[in-house]
1. Could you tell me how far the Cα centroid of the range A:480-516 sits from the Cα centroid of the range A:333-372, in Å?
2. Between the range B:316-382 and the range A:45-103, what is the C-alpha centre distance in whole Å?
3. Could you tell me how many degrees, from 0 to 90 and to the nearest 10, lie between the Cα long axis of helix A:396-405 and the main elongation axis, the longest principal axis, of the Cα atoms of chain A?
4. Which far-off residues, 5 or more places away or on another chain, put their amide H under 5 Å from the one on A:Tyr323, with H placed in the peptide plane?
5. What's the long-distance tail for chain B, i.e. % of Cα pairs beyond 30 Å?
6. Can you find, among B:Val299, A:Pro214, A:Tyr350, the residue sitting farthest towards the positive end of the charge dipole of the protein assembly as shown, where Lys and Arg contribute +1 and Asp and Glu -1 at Cβ?
7. Would you grab the residues whose amide H sits under 5 Å from the one on A:Arg66? Only those 5+ places off in sequence or on another chain, please, with H modelled 1.01 Å from N.
8. Straight-line reach from A:Lys115: which aspartates and glutamates have Cα under 12 Å away, leaving out those fewer than 8 places along the same chain?
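Laboratory data are not the source of any read-out in this text; all were calculated from the coordinates shown. Source: prediction; values computed, not measured. Glycine also receives a Cβ, built like all others from the backbone with ideal geometry; neighbour counts cover every protein chain displayed.
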Amino acid sequence: MRRAPKDTEESVRKITRRGLVMGGLMGGFAALLAGRMRYMQVDQADEFRLLAEENRIKFSLIPPERGLIFDRNGRPIAVNEQIYRVVIVPEDAGDLENTLARLRKIIPLTDEEAKKALEEMRRASPFLEYTIADRLSWEQLSEVAVNTPALPGISPEVGLSRHYPMLEDFAHVIGYVGRVSDYDLSKIEDPDPLLRLPQFQIGKVGVESKWEEPLRGKAGNRRIEVNASGRVMRELDRQQGISGTDLQLTVDSQLQNYVQARLGTESAAAMVMDVTNGDLLAIGSAPSFDPNLFVRGISVADYRDLTENDHRPLANKAAQGLYPPGSTFKMVTALAAMEAGVVTAGETFYCPGHKEVSGRRFHCWKRSGHGWVDLDGSLQQSCDVYYYELALKAGIENISAMAKKLGIGVRHDIPMSAVAEGIAPTKAWKAERYEQEWVVGDSLNASIGQGFVLASPLQLVVMAARLASGTQIEPRLVKSVDGRETPVKGLEPLDISPTALQQVRKGMYNVVNSSRGTARGSRIVAEGMTMAGKTGTSQVRSVVVRNQDVPWEQRDHALFVAFAPYDNPKYAVSVVVEHGGGGSAVAAPIARDVMLQALYGGLPPMEAYPSSSRWEVEQIRKDLKLREDLRQDASDRA
Amino acid sequence: MSYLEYNRETVPTGLSKVLYVNWALVVLLLAVCSVGFLMLFSVAGGSLSPWAEPQMKRFALGLVMMFIVAMVPIYFWRNMALLAYLGSLLLLVFVELFGDVGMGAQRWIDLGFMRLQPSEVAKITLVMLLAAYYDWLDVGKTSRPLWVILPVIIILVPTALVLKQPDLGTALLLVVGGAMVMFCAGVHWLYFGAVIASGAGLVTAVVASRGTTWQLLKDYQYRRIDTFLDPESDPLGAGYHITQSKIALGSGGWTGRGLMEGTQSRLNFLPEKHTDFIFTTLAEEFGFVGGVSLLVLYVLILAFCIVSALKNRDRFSSLLILGIAGTFFLFFAVNMSMVMGLAPVVGVPLPLVSYGGSAMIVLLGAFGLVQSAHIHRPRGRR
């Protein structure tokens, strides 16, 4: 078909025109793209560069190694143990179910655990490590390691976990660590980011809790590059953290072990304190529990067993338990009266077995009465009426002040949980607490450590130590921090006349050693180790019935405070046996055994006991469950 | 002037045709494809597999195809236009019925050695048929309504099939590519005004239909529109791709971070980094300089095509070259706008650079047509 040339010319011209227009539009758009590129890449480059960095760089914390805790002889009581675990990276595992099935041939996992693991892994990012099994044996771990070619994505790992090698012995002193709870976080202002790590553990009770921050140390960190799915590509740099502070406590694990064993299944507390420097050598509280249970995460059943036990194994009776001190308080009353100048040591009072005050009759424990007694006799035989007389003369304010001077009604500064303040009552205290007038009967009750007076075994041992040393010695639990010795506090002499103190000490000597002393059965006959002490039996209820006839929880508390050697005091001991009965029968023998153990640095020879008690001591010793490793040590030293 | 009217004697024959190939254009294409190889090498972490090597093989295949197409006289291709168009329609129907589903759309026919996307072929066959149509049509009738409706139908049939897959990006390219040919053929301005107006109407309808029973687009397409309008609203979901893409592009700066140093692409923050978003990797690693260099290469290809088209006095050849150039332009313009956050994420690859067999071979085939038109252009009288 032929066309007119004109048409052709026109067609070509039109195409040229339109083609140029189109080309122009295209060129224009290309320029627009270039402009946009320039705007983003040049003008906004810094902003986008920052966003890109934020995308790829993440910080991750390196948990520091927790500080170790040793006893006074450098024996470890809280350590970090290597634990073996198996982790899996689901992305590398391929067929998860298959891999898990093969792993289960090596590590026993219940169907339930396996199912839970599978579910959790499917929910989480496939690049994140998942811990399948924790606390494996070395054998299991090595078997996994040998079989890694058949277990894609699975790798054996070594981590650190707190371990308490002394098991029950230090549960109440050291406490334990556990996972950080929401409650823990809510208590801390501006918490250390470490606390947010999923596996991180902090001190929950005891020294672990009170020294938490120094023990924890400082976290290190590493900058890592991650990809879009959060997988770690490489480490950019790393800053090592600072390990926690190591602590050395004043406790002696061998003595502690003995104390716990000696207290046995009783609900009881016993403390040993060095009167010369305040060192707490043993802080026994029975029954106890294994703190390692809490580190691993205690089972509901185990926890219920602990909380429902009427002997309260979780309670730290030594520092937080409060008991009426009973007759062990009589030294306080005696010193208060002598220091007030209202009585002298030789002055006698007549004990008819009771004392009539404002129409009420206050009994002596001995209904028939003690007759004429002076200070020495009153302590020896624990006459109550003598102290009623003293209380009437001295008044409660003097008694309370003396109690505080000797460490009762004062919160001692030791790093344990819930250290009790106790009560050394005054008129003002009662007015505030009960909105009631102080009556004279209250003073009489207080004079023999009943009524409002409450003291902890810790306060009782401090009292004994202060009486023995004549100084204001303060208890000390932390011996050194990272090798630096903590200062001894309270070496200044007590603000009490030395004569009065000596007279009281003499009384305490007679309690144990004189023929009529209440604790004569528990005397020590070894040369230079003579013990002085005071029994106490504090009433839990007001009606007097024979202890054997009432249920356990209504029986009297048995108490004993002591120091030895009498001539040159070294150790003070306090023992409280909840609902144990009489102080002389129950508490004093324990105190004697503990004291001898402390003095000898191990099991004492039988010759230290009076021949009359030896058979009994043998029997007790036979049943004693001491740690074999520590016993070996003791005999070496002996 | 029609092909029949010029002196056949002046058209080169046999091997001498090779001398008349537009070699500048070949070099430009090679350069662009090489940029693609380099980027595919880089996003694979400095490895020829899995992308760079297959891409090179396809490039070799495409290059051979380009020369074969180029050697065949352009009038043969004009005569084949209708057949090719109908063939591609058949393929589109076939893929609709039997194709493999990928990325939420039915797009591929698995040929064993490669996956063929009929929609890629349709882009070129559509341009061919339209060019042939206007070559056949009396110039005076170009703007008559009846003769305008016919090409519109020619455009809409493959568009409808592609939309059904659904592939919004390709549908857009088909419509605009076809419209460009019509525009160059000299259809009256008013028609385009009317289409743009009705297009605006359609957009309104699409927006209005959302959430109703007669919803015109799939939910994911609506979400893409939302994301486009406000990508920051959903940075981890729908807006993630575009946000990360902008970060990668922007962090490139003047000269980029260096080959394989782009953190965004290397650490997988970039989505589809070897296909639709490959330009961001280029921009991140070679910066503004690299990005603009590629843009310049593209513009040079366009320029060579347009010059060739305007010098060519054969109506079919001119329109075909302009149509192919326009389609090529749409490819890179839409893709770049997309990664720079100027257009919604519609799934258009970066021509000759993105990883993908169909697009590479079809585009090189199309440039074969451009070469054929160039080689066999009328010479001599006038």
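1. 25 Å
2. One Cα centre to the other: 53 Å.
3. Roughly 60 degrees between the two axes.
4. Counting only residues 5 or more places away or on other chains, the set is A:Ala455, A:Ser456.
5. Working: 29872 of 72771 pairs.
That tail contains 41 percent of the Cα-Cα pairs.
6. Of the listed residues, the answer is B:Val299.
7. Amide H to amide H, under 5 Å and 5 or more residues apart or across chains, A:Arg66 pairs with A:Gly244.
8. A:Glu97
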